[in-house]
1. What residues have an amide H closer than 5 Å to that of T111, excluding those fewer than 5 places away on the same chain, when H is modeled at 1.01 Å from N in the peptide plane?
2. Please give the helix 129-141 orientation as an angle from the longest Cα principal axis of the chain, in degrees from 0 to 90, rounded to the nearest 10.
3. P(r) of the range 106-166 in 5 Å steps, Cα pairs, percent per bin?
4. For a quick size check, give me the Cα extents of the range 54-150 along its three principal axes, largest first, whole Å.
5. Hey, what angle do you get for helix 92-102 against the long axis of the chain, alpha-carbon based, 0 to 90 degrees rounded to 10?
6. For S74, what charge total do you get from the other residues with a beta carbon under 13 Å from its beta carbon, if Lys and Arg give +1 and Asp and Glu give -1?
7. Let me have the relative contact order for the range 1-113, percent, based on Cα pairs under 8 Å that are six or more residues apart.
8. For the chain, what are Rg and Dmax over the alpha carbons, in angstrom?
Amino acid sequence: MLVEKIQIDITTDCNSHCGGCIRNKDGGEATVELVHLPLEIFKKIDFKNVQVVYFNGAYGDFTMHPNVLDIVDSIPKHVNVDASTNGGVRNTTWWKQYANALKKFPKSRTTFAIDGLLTNQLYRRGVDIEKVLENAQAFIDAGGTARWKYVLFEHNKFELEEASAL
């Protein structure tokens, strides 16, 4: 069997406490053990037939892994990286470095999960929206391909038009 697409949770660490996340009790304390996939283990993956690696984070935000840039660098250039993040981790310098690391992957993209401008923190608790927007802009300015994922709730519907314009 050929494996063409893989999804890997490289960490269980996350800066947010989203209400619907399986790693939290009702959006509060973490209920999973903190684990970072060792770089040495990641490097053992056979990427020969892999076309896409997904860092979508069922248990954590990939940007929380202490060696995430080394992990990205170890992926062969024929593989595309498709990642999802709340965008509230790291600083603009790191996001520029990440965008530059992705340049070797022609169809790579990163999805920023932002659920409102004034209301983002109601679901993505612990995430500073100003920092997210600065990080996303730095990533885009450095040549990264970004998407915006907006989970629609009753509490953020009124912001959808403004978010769409942004």
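1. Residues meeting the criterion, in which the H sits 1.01 Å from N, are A83, S84, T85, R147.
2. Compared with the principal axis, the helix lies near 40 degrees.
3. 4, 18, 28, 26, 14, 7, 3, 0
4. Principal axes ranked by extent give 39, 28, 22 Å for the Cα atoms.
5. 40 degrees
6. On the way: positive: K43, K44, K77, K104; negative: E40, D46, D70, D73.
In short, 0.
7. In percent, rounded to a whole number, it is 28.
8. 15.9, 47
Every number in this text was worked out from the coordinates using simple rules, so none of it is lab data. Everything numeric here is computed off the predicted structure, so don't read it as measured data. So basically every Cβ, Gly included, is an ideal-geometry build from the backbone, and we count neighbours across all protein chains shown.
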